[in-house]
Ligand SMILES: [Zn+2]
Ligand SMILES: [Zn+2]
């Protein structure tokens, strides 16, 4: 029963995401590109593994102090930023993270191309952040789901211009720079771009962003 519910949840999420983002990329693409269905299928399989990892976390809804949840989110983003940076710096971690960084053009489904070891490490850091902030551990599972949805937007091949917003939060134009393999790795944050500003790893077109 639990497996059937999990499979239905995964299938519904995959179907909705394919419908919404294939349409978005067709209507307002950053550059014209056909959908690579084999990559979508591979990504959906990896998402299933990622979802199993998240499923292992506690999902029990509990009332939580909003301030603690906010601090937990900030801690989680801080730890994820550090982990992501380490993934690019340490060969032992890059072995897994490089699956996310092929030279293929960016598209929404690249968000799903995450090695299971990466997914597990991000889940662990998010859980640690919730424990440190004193937020219920079930919060970690919801953080991971929220981040998973936002990272699909980040990778989408949509015409999202660089604006001052890129200085504060991660946007598709901000994350596209992270995948630009011709430059030094930068823009590691998954939601709070200001972390990259704080730690000197923010890169973008400052001529257009004031
Ligand atoms: Zn990366
Ligand atoms: Zn990415």
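Expressed as a whole percent, how much of the Cα-Cα distance distribution for the chain exceeds 33 Å?
Here the tail beyond 33 Å accounts for 13 percent of pairs.
Please report how far the C-alpha centroid of the range 43-106 lies from that of the range 133-159, rounded to the nearest whole angstrom.
8
With runs of 4+ DSSP H residues as the only contributors, calculate the mean residue ellipticity of the chain at 222 nm using -39,500 (n - 2.57) per run, divided by the residue total and rounded to the nearest 500.
Computed mean residue ellipticity for the chain: -19500 deg cm²/dmol.
Take residue 3 and residue 19, extend 7 Å from each Cα along the Cα→Cβ direction, and tell me the distance between the two endpoints in nm.
2.8
Springs between alpha-carbon atoms under 10 Å, Gaussian network over the chain: tell me which of 156, 170, 135 tops the mean-square fluctuations.
Of 156, 170, 135, the most mobile in the Gaussian network model is 135.
Most fluctuating residue of 150, 142, 37 in a GNM of the chain with Cα springs under 10 Å: which is it?
37
Using a Förster distance of 22 angstrom, determine the FRET efficiency expected from the C-beta separation of residue 128 and residue 49, and round it to 0.05.
0.55
Based on the Cβ-Cβ distance of residue 165 and residue 65, what FRET efficiency does E = 1/(1 + (r/R0)^6) give at R0 = 22 Å, to the nearest 0.05?
0.15
Among 137, 56, 154, which one shows the highest mean-square fluctuation when the chain is modelled as a Gaussian network with alpha-carbon springs under 10 Å?
It is 56.
Quick note: the coordinates plus some simple rules give every number you see, no bench work behind them. The structure displayed is predicted, hence computed values, not measured ones. Methodologically, a virtual Cβ is constructed for each residue, glycine included, from the backbone with ideal geometry; neighbour enumeration extends over all protein chains shown.
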